Amino acid sequence: MSSTIPIDSYRHQGLRKLLVRNIGQKGINDPHVLAALEKVPRHIFFDSSFVEYAYEDKPFPIGAGQTISQPFTVAFQTELLQIKKNDKVLEIGTGSGYQACILFEMGAKVFTIERQKTLFDKTSKFLPSVGYPSIKTFFGDGYKGLPAYAPFDKMIVTAAAPFIPEALLDQLKPGGILVIPVGANDIQIMTTMIKGNDNTFEKKEYGAFRFVPMLEHKAKEK
């Protein structure tokens, strides 16, 4: 993330339109997802010396062993969430904050957890500075969710989970959707868990993806 916010120039906006068109051609159909991707200036989440990479459909390192996800992956996960206006959404893995901003632009009330203290400190200050003070950021262990703020309409995990945490399923509303990449190896299977009114779950799988690992929080909170 840049310490000084780059201008969202006509060039940036044009590159963003091309990126969104490319993502649409790859199979993302939800117009609200595509509109959010076109609205959020991805380059502001990059250090200024790497801004030229912002509108490539690729992940990019952001420090602390984490990445800003590939735009197609952001769009794919977001489409699976089926966001409706005022949905209360829990994100596990704030990272740069880009995914949280996409959710916010779709009308969601966003709660997001980051376990890397350096990233949390940076992003929790950065998001209000670029017009997203309503996104609620938390430092902690994503495996535990946010029980104090549960239940949630939707949940999204943006790191590779070796298993589906029971706490997240417990904090999901009936009718709610959890989107999570599951797998302990280099490749994960994008998975949705849809909670029924009787607290049973319908599991669906959507192919192979690659994420950085979801790690338990080990550092002490300050």
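In order along the stretch 174-182, the phi-based Karplus estimate (6.51 cos²θ - 1.76 cosθ + 1.60, θ = phi - 60°) of 3J(HN,Hα) comes to x, x, x, 10, 10, 10, 8, x, 10 Hz; Gly and Pro are listed as x. Over the C-alpha trace of the chain, radius of gyration and Dmax come out as 16.4, 52 angstrom. Based on C-alpha pairs under 8 angstrom that are at least 6 apart in sequence, the stretch 1-102 has a relative contact order of 31 percent.
How about the stretch 1-74: which trypsin sites (Lys or Arg not before Pro) there are in a DSSP loop, with at most 14 other Cβ atoms within 10 Å of their Cβ? Sites meeting the loop and neighbour criteria: LYS26.
Using DSSP to call loops (not H, G, I, E or B), can you name the chymotrypsin sites (Phe, Trp or Tyr not before Pro) in the stretch 80-172 whose Cβ has at most 16 other Cβ atoms within 10 angstrom? In loop regions of the stretch 80-172 (DSSP not H, G, I, E or B), the sparsely surrounded chymotrypsin sites (Phe, Trp or Tyr not before Pro) are PHE163. Give me the percent relative contact order of the chain, please, defined on Cα pairs under 8 angstrom at least 6 residues apart. It rounds to 15 percent for the chain.
Each label was represented as a point 7 Å from its Cα along the Cα-to-Cβ direction; for GLU38 and ALA184 these points are 4.4 nm apart.
For trypsin sites (Lys or Arg not before Pro), the sites in the stretch 60-102 that DSSP calls loop and that have at most 14 other Cβ atoms within 10 Å are LYS84, LYS85. Each part reduced to its alpha carbon centroid, the stretch 85-145 and the stretch 151-217 end up 17 Å apart. Restricting attention to the stretch 10-209, close to 45% of DSSP beta bridges with both partner residues there are antiparallel. Of all the options ASP121, ASP87, ASP153, the one that moves most in a Gaussian network model of the chain with Cα springs shorter than 10 angstrom is ASP121.
Quick note: the coordinates plus some simple rules give every number you see, no bench work behind them. Keep in mind the model is a prediction, meaning the values are calculated, not measured. Using ideal geometry, Cβ is built from the backbone for each residue, glycine included, and neighbour counts are taken over all protein chains shown.
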